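Data first, discussion second: the structure below is written as structure tokens.
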Amino acid sequence: MSQHPEQGNADSTVFSDRKVTTNLLTQMKEAGTPIAALTAYDYTMAQLLDQAGVDLILVGDSVSTVMQGLETTVTVTMEHMVYHASLVRRGVERALVVADLPFMSYQVNSDEALRNAGRMVKEAGAEAVKLGGGRVVAETVGRIVDVGIPVMGHLGLTPQSIHKFGTYQVRATDEKEADELRRDAKLLEQAGVFSIVLEKVPAALAREVTESVSVPVIGIGAGGGCDGQILVSHDMLGICTRFNPRFVRKYGNFADEMRGAFERFTEDVRGRDFPSEDESY
Ligand code: KIV
């Protein structure tokens, strides 16, 4: 029986010096040590997250909204994801690097899914892939895991299904959808995922699902009962300000700080205050 994360592990440092693997994440769940995960899309940000001790770095298809200025994730391609994952991989030594498989790169058939998961590992250097869905992708997940590529599942509000949902509201608030989610989590566990992301579902349901599976459940907008938490880095830093759901805790207001720095630079250039003699050759 695994200890619940909220009970905590007094000595969480036992994990902090070790390279994060999927096995280590399982050990963290069993020890009740919460898992910290954030997103990155480039080398510099990935290096900072890794130096800060973040356990899992997700190259999310949120690259679409954060870096590409788009409304949804559905147009992201394999080329985009392989490119961004390869940048992130170069900046990371300790964290586990997981890359999203983009919409329609794994749904057509499991051969195509296998090929694309393989590209993410061979071309980008990702250590695992993430894909959305439960029953519909369970067989595909099994095939990818069988060839040696760890898979992370994603349930609840899966942004790749936004046109089906029609809204970014909290999911699984009715018993039918909650039951499907419980079933999907077990199916993913049986198919061999090493972890599951649970996005924007009621906290009580997320806690129940977390306790019902042996693999670590990483929550986003899913309350404090999960084995770990993930946020989009640009949201928690306050760089991206157009997306403000209540589950995002802001750890900075870097949009204002950055804009202020850009304004001061512009003023300095216009006032011929930059560069100074010390900054010249
Ligand atoms: O794409 C992403 O950033 C994600 C996280 C929000 C979990 O899937």
Here the residues within region 1-54 that are surrounded by 13 or more Cβ atoms within 10 Å (Cβ to Cβ), hydrophobic (A, V, I, L, M, F, W, C), over 17 Å from Pro150 (Cβ atoms) and modelled with pLDDT of 95 or more are Ala31, Ala36, Leu38, Ala40, Met45, Ala46, Leu48, Leu49, Val54
If we scan region 187-195, do we find a residue that is within 16 Å of the ligand (Cβ to nearest atom), in contact with a Gly (Cβ under 8 Å, 6 or more places away or on another chain), of a type in the set (Val, Ile, Thr) and closer than 24 Å to Leu48 by Cβ?
no
Region 245-272, subset in a loop (DSSP other than H, G, I, E, B) and open to solvent by 100 Å² or more (accessible area, probe 1.4 Å), residue modelled with the lowest pLDDT:
Arg246
Across region 37-68, what is the total count of residues that are farther than 23 Å from Thr241 by Cβ and either assigned to a loop (DSSP other than H, G, I, E, B) or within 13 Å of the ligand (Cβ to nearest atom) (or both)?
3
State whether the residues of region 90-102 include one that is out of contact with any strand residue (DSSP E or B) (no Cβ under 8 Å at 6 or more places or on another chain) and within 15 Å of the ligand (Cβ to nearest atom).
yes
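The values are calculated or read from the model by the stated rules, or taken from the named source; none is laboratory data. What you are looking at is a predicted structure, and each value in this text was computed from that prediction instead of being measured. Here the Cβ is made from the backbone with ideal geometry for all residues, glycine too, and neighbour counts use every protein chain on show. Note: areas computed on protein heavy atoms with side chains; ligands, DNA, RNA excluded. Shrake-Rupley method; radii C 1.70, N 1.55, O 1.52, S 1.80 Å.
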